[in-house]
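Shown next, in C-alpha cells, is the structure this report addresses.
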Amino acid sequence: MRPIAPAPNKSPTWRVLPFLEAPGALQMAVDLWMLQRCRAGGPSCLRFYAWSPPALSLGYHQRRFPARWHALSATGAFDLLRRPTGGRAVLHAGDLTYAIATTGVAGKRWEAYAILCEFLVRGWRSLGVKLSYGETGREYTSVPNCFATATGADLTTADGYKLIGSAQLRQGEAILQHGSMRLEISPELWKQVFETIPPRSPIASLPRNRIICTLKNAARECLGVELVEQPLTAAEWTEVRKIALPPP
C-alpha cells in the first residue's frame, strides 16, 4: 500500500472545465494551458474529455515507434500526435481521459501519482471496480504500446486488465497529470496499430456520464475541495490555440 501524503495545498475551490470531445492536438493544448495557468497562480483544474477523431498519442520523449504509424495516420485512420507528458503510445478510440493541473503536491514522483490517482481508485471502487497499481517490468522500455505493460503510475483490475494509464509533466511547482481510461476498444483499429488482438474491456457497458459524475464526487472527497464548473472564455481559447507541440 502506497503512503498517501496530504492533498495538494491549493485553494479549496478547483475549476472544472466542461466535458470536451475534440481533436487530440487541441486537447493537449488545453492540458498545457491548464498547467501554465496553474503555474502562474491560477486555480487547480480538473477536466474529462474524449478524442475525436481517434488519435494515437506518443510520449514526449518516445522516439522509437513503428514507421508504419505515419503511413496509417496519412490514410486518415487516426491523428498521430505527441503528448507533453512521458510514457508510451496510447490509442484513443473509445476511451475517456482525465486531466489535473495543480501545485503543492508533496513527495517524489510515485508519491505524487498516488496522491492524484487516489480519487480514481476510490471512484472506480464505488462503481464496483477494484484497482491496484502496476509494477514496472524490464519490458516497459522495449514496447511502444503504453497499455502493453503496467507501471507504478498505472491502475489495473483484479484480473490484470490495465484500465488507466497516467503520465505527468512538472513545471516548477506545478504539475499536470492526465491519463486514459480504457472503456471501449476498437478491435480493428487496435489490430491495425499494434498488430495484436485487443483485450476485452470489462467495463464497456458503464455509461460515460455516470463515470464522470462518480469520479468528480470522489475528487471532492479525496482532495477535500469544491469543484466549480467554468468554461473557457473567448480570451482563454485564444491562449489555448497559440500552444503547439512538436510533431511526432
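Take the Kirkwood radius over Cα pairs of the chain, plug it into Stokes-Einstein at 20 °C and 1.002 mPa s, and you get 117 µm²/s for translational diffusion.
Fully extending the segment from Ser205 to Glu226, taken as 0.36 nm per residue of separation minus the present Cα-Cα distance, adds 4.6 nm. The charge dipole of the chain, taken about its Cα centre with unit charges on the Cβ of Lys, Arg, Asp and Glu (plus for the first two, minus for the last two), comes to roughly 320 debye. The phi torsions of the stretch 111-125, fed into the Karplus equation with coefficients 6.51, -1.76 and 1.60 and a -60° offset, translate into couplings of 5, 5, 4, 4, 5, 7, 8, 4, 5, 5, 4, 5, x, 5, 4 Hz, rounded to whole numbers, with Gly and Pro shown as x. Partners of Lys216 within straight-line reach, counting aspartates and glutamates whose Cα lies under 14 Å from its Cα and excluding those fewer than 8 residues away in the same chain: Glu118, Glu226, Glu229. Going from the fewest other Cβ atoms within 10 Å to the most, the residues Trp69, Trp51 appear in the order Trp69, Trp51. The modelled label-to-label distance between Arg109 and Lys191, using points 7 Å beyond Cα along the C-beta direction, is 3.6 nm. Between the C-alpha center of the stretch 173-197 and that of the stretch 38-107 there is a gap of 9 Å.
Every read-out reported here was derived from the displayed coordinates using simple, explicitly stated rules and does not represent laboratory data. Keep in mind it's a predicted model, so treat the numbers as computed, not measured. As a convention, Cβ positions derive from the backbone with ideal geometry for all residues, glycine included, and neighbour counts pool all protein chains shown.
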